[in-house]
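All remarks here apply to the structure that follows.
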Amino acid sequence: MTRTVLILGANGKIGTHAAAAFWNAGWTVRRYDRSAEMTAAAMGADVIVNGLNPPAYHNWAVLIPQITAQVIAAAKANGATVILPGNVYNYGTQAGPWSDATPQIASTRKGQIRVDMETAYRAAGIRTILLRAGNFIDPDHNGDVMTAFLMREIAKGKLARGGRVDAIQPFCYLPDWAQAAVLLAERRGQLATFEDVPFPGHVFSANDHLAMLRRETGRDVRLAAFPWWLMRVAAPFWEMARELRELRYLWDMDHTLDGAKLARLLPDFRPTDIRTVMLAGLPDDIHPDKAMRAGGLPVAAE
């Protein structure tokens, strides 16, 4: 039987890996053209993967509800299941580990926008799989947290830390997320109308990450504090700075996602090893598995 998936945001982090995973699993993959009418584009699709997200948190309060309404209308008209990448903003500052039963008590504007988005999908009555994860890591370096934040100055021997060096948090390797999405899509008939599935990923701290990088690269990498003061100064005239500041609390608090539900639904799923995940943000000339090591010389400290 032909299985067809429509990928929204096919050139983004989520869309790129979702398209590859569904294709490799034998699905017919369609990539959404933003110039097309979404309901028409979804005709005949069994699954819609919503990888659309305004870049740099731009105008979420307006654009997220607009995208949500479009996707719900397309799914209703075509009887399609929607797969959504969820995040952890919904939970605010309450203690974890967070599961699908954890109350959603958002402490930020973006958190409330995400709560409202999920509420809209629940109320719509369409089959929805929300695969919730922490920080996305893209081995293709497509604007993910590793490339844009943690390792933006790794060539200078600096690994950024956003907060406490010992604070643990979940990281999601995007090929793993996409593989789990495919497996859940293939079991969608056995799931509830709205399924909130936490994706635990790998959990580590800045200190853990630093130790791995030093050991595997042989370089003199050190931790460098992210310039939050600069975000504060730039916030009045730079949207991205304002939005990043709102999420600073996550870098100072321990938080994890409960993996029990994913393990129950997908007992045979196995994530990529943590070494691969931790090294994914390295440029090729530094990555120990890709670079020609020129004597293993450490990066000079500034």
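Laid out as a table, the results:
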| read-out | value |
| --- | --- |
| Unmet criterion (only one of (1) in contact with a strand residue (DSSP E or B) (Cβ under 8 Å, 6 or more places away or on another chain); (2) open to solvent by 20 Å² or more (accessible area, probe 1.4 Å)) for S205 | (2) |
| Filter result for L213 (buried (at least 18 other Cβ atoms within 10 Å of the Cβ), touching a strand residue (DSSP E or B) at 6+ places or on another chain (Cβ under 9 Å), closer than 17 Å to M278 by Cβ and not acidic (D, E)) | yes |
| Answer residue from segment 14-43, given it is touching a strand residue (DSSP E or B) at 6+ places or on another chain (Cβ under 6 Å) and among the charged types (D, E, K, R) and is surrounded by the most Cβ atoms within 10 Å (Cβ to Cβ) among those | R30 |
| Sole exception among (1) out of contact with any Gly (no Cβ under 8 Å at 6 or more places or on another chain); (2) not in a helix (DSSP H, G or I) for D220, by number | (1) |
| Residues that are among the aliphatic types (A, V, I, L, M), open to solvent by 40 Å² or more (accessible area, probe 1.4 Å) and at pLDDT 90 or above, drawn from segment 266-302 | I274 |
| Residues being assigned to a helix (DSSP H, G or I) and polar (S, T, N, Q) - total across segment 260-286 | 1 |
| Number of the condition not met by A185 [criteria: (1) closer than 23 Å to P283 by Cα; (2) surrounded by 20 or more Cβ atoms within 10 Å (Cβ to Cβ)] | (1) |
| Among the candidates N59, N53, residue that is modelled with pLDDT under 95, open to solvent by 50 Å² or more (accessible area, probe 1.4 Å) and within 15 Å of G86 (Cα to Cα) | N53 |
| Unique residue being part of a strand (DSSP E or B), at pLDDT 95 or above and among the acidic types (D, E) when the list is D196, D208, D254 | D196 |
| Some residue of segment 224-236 being among the β-branched types (V, I, T), part of a loop (DSSP other than H, G, I, E, B) and surrounded by fewer than 15 Cβ atoms within 10 Å (Cβ to Cβ) | no |
| Segment 72-88 - residue that is within 19 Å of the chain's Cα centre (by Cα) and more than 22 Å from A148 (Cα to Cα) and, of those, surrounded by the most Cβ atoms within 10 Å (Cβ to Cβ) | I83 |
| Pick from segment 89-100, criterion open to solvent by less than 20 Å² (accessible area, probe 1.4 Å) and assigned to a helix (DSSP H, G or I), ranking: farthest from Y32 (Cα to Cα) | Y91 |
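The values are calculated or read from the model by the stated rules, or taken from the named source; none is laboratory data. Source: prediction; values computed, not measured. Note that each Cβ is placed from the backbone with ideal geometry, even for glycine, and that neighbours are counted across all protein chains shown. For the accessible areas, the whole protein counts, side chains as well, though only heavy atoms, and no ligand, DNA or RNA atoms are used. Shrake-Rupley method; radii C 1.70, N 1.55, O 1.52, S 1.80 Å.
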